[in-house]
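The values are calculated or read from the model by the stated rules, or taken from the named source; none is laboratory data. Bear in mind the structure is a predicted one, so any value in this text is a computation, not a measurement. All Cβ positions, even for glycine, are placed from backbone atoms using ideal geometry, and neighbour counts span all protein chains on display.
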Amino acid sequence: MKRAHSLYCYFSEFSQKPYPDILTNINCDDAFGVYFASHSSTMKESLQKIRDQAELDKQKKIQEVKQAKAIYTCLMDSIKYLSCKCTYEYNGYGSYYITCGKCRIQKEACDIKVNIFECPIPSDHVGALAVIFELQMPIEIRIYRDIIWQFINRPKPNLNHRMYEWLSVPPHGSKLDPFYTGPKNNKVKLLSSTKSVTQTHYSSPLIALAPESDFLYENSLKIQISPTSTIAIKDECLALTPQLDHPDYKQLQFTINNTQFVQNHVIAKLCQCSARVKPTQFVEFGSFRS
């Protein structure tokens, strides 16, 4: 209880801020997670490690592209003055195509592929803080948020959001998973409504024509979390209100749909009730409603 009270007091500090809700607006200057991560030396250190590794991977990709272009140029230069000598050969059963040396080398050059690089962390500082908070938030806060999320989503606990989980999307999954400190079965996950560029690039850029910049991309995932499905107050009241199925009491359903003092209203509608209802039953019902 002491820890729960400490959490309550901690979150109370944000009650006057524009976006105190930990289930929405997680990627803004005033978001709780951004504030928390900006004051956490552990999270800032992890974020710097991710950025350093991303920059190292980016430089390696640039060198890979340069080497691939050099190999392509070398292969194409070697056949620059050669003529195509592909022929059809015939045997006793039919003909078959024989590729000449020039065409084989040309195909080898054109088949050179280099996959793109995509940074696994947002380039803007606020977005990066939001992501690292989602990866490394204290377990008390994660459980607290999961409980709130499950309470709000109790009408639809298995909401089909059709979104993409950061830790399951390439290259983010392999790069960020080592920094994830939460459980695998948590309810609120870091999601994106769009795929990553790596997922949507089904073919590599042409090594002969594409500049180096065509192989380098910033993070393309949106910073979102598992959505909530709110319920209208009237539907909430209906779900929480007992339903009178007994034929003798069914006409009195309106009296327990709210907690208003409707004694005269109830008396005025007694004529709608079954004639079988005895005075003692009305007394019992009144006690039930109270």
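Mind telling me which of the residues TYR35, TYR97, TYR90, TYR72 ends up being within 28 Å of LYS195 (Cα to Cα) and among the aromatic types (Phe, Trp, Tyr)?
Every option except TYR35 fails the conditions.
Test of understanding: among TYR180, TYR144, which residue is in contact with a Leu (Cβ under 7 Å, 6 or more places away or on another chain), within 24 Å of GLN53 (Cα to Cα) and modelled with pLDDT of 90 or more?
That would be TYR180, the only listed residue that is in contact with a Leu (Cβ under 7 Å, 6 or more places away or on another chain), within 24 Å of GLN53 (Cα to Cα) and modelled with pLDDT of 90 or more.
Scan the stretch 249-263 and tell me whether some residue there is outside any helix (DSSP H, G or I), surrounded by 12 or more Cβ atoms within 10 Å (Cβ to Cβ), of a type outside the set (A, V, I, L, M) and modelled with pLDDT of 70 or more.
No - not one qualifying residue is present in the stretch 249-263.
Working only within the stretch 186-205, note down all residues that are more than 22 Å from the chain's Cα centre (by Cα) and in contact (Cβ under 8 Å) with a residue 40 or more places away in the chain.
SER204, PRO205 - these are the residues of the stretch 186-205 that are more than 22 Å from the chain's Cα centre (by Cα) and in contact (Cβ under 8 Å) with a residue 40 or more places away in the chain.
Scan CYS28, CYS110, CYS86 and give me the residue that is among the hydrophobic types (A, V, I, L, M, F, W, C) and in contact with a Ser or Thr (Cβ under 6 Å, 6 or more places away or on another chain).
CYS86
Conditions (1) farther than 28 Å from PRO171 by Cβ; (2) within 31 Å of the chain's Cα centre (by Cα); (3) aliphatic (A, V, I, L, M); (4) not assigned by TED's automatic domain parsing to the domain that holds SER123, marked per residue:
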| residue | (1), (2), (3), (4) |
| --- | --- |
| CYS28 | no, yes, no, no |
| VAL34 | no, yes, yes, no |
| ALA37 | no, yes, yes, no |
| LYS44 | no, yes, no, no |
| ASP52 | no, yes, no, no |
| LEU56 | no, yes, yes, no |
| SER78 | yes, no, no, yes |
| TYR81 | yes, no, no, yes |
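Hey, does the stretch 100-111 have a residue that's over 30 Å from GLN63 (Cα atoms) and not assigned by TED's automatic domain parsing to the domain that holds ASN27?
Yes, the stretch 100-111 contains at least one residue that is over 30 Å from GLN63 (Cα atoms) and not assigned by TED's automatic domain parsing to the domain that holds ASN27.
Taking helices (runs of 4 or more DSSP H) that fall entirely within the stretch 48-154, which contain at least 3 residues that are in contact (Cβ under 8 Å) with a residue 40 or more places away in the chain and surrounded by fewer than 17 Cβ atoms within 10 Å (Cβ to Cβ)?
139-152
Just the residues that are in contact with a helix residue (DSSP H, G or I) (Cβ under 8 Å, 6 or more places away or on another chain) and over 30 Å from GLN106 (Cα atoms), please, taken from the stretch 190-210.
Of everything in the stretch 190-210, those that are in contact with a helix residue (DSSP H, G or I) (Cβ under 8 Å, 6 or more places away or on another chain) and over 30 Å from GLN106 (Cα atoms) turn out to be LEU190, LEU191, SER192, SER196.
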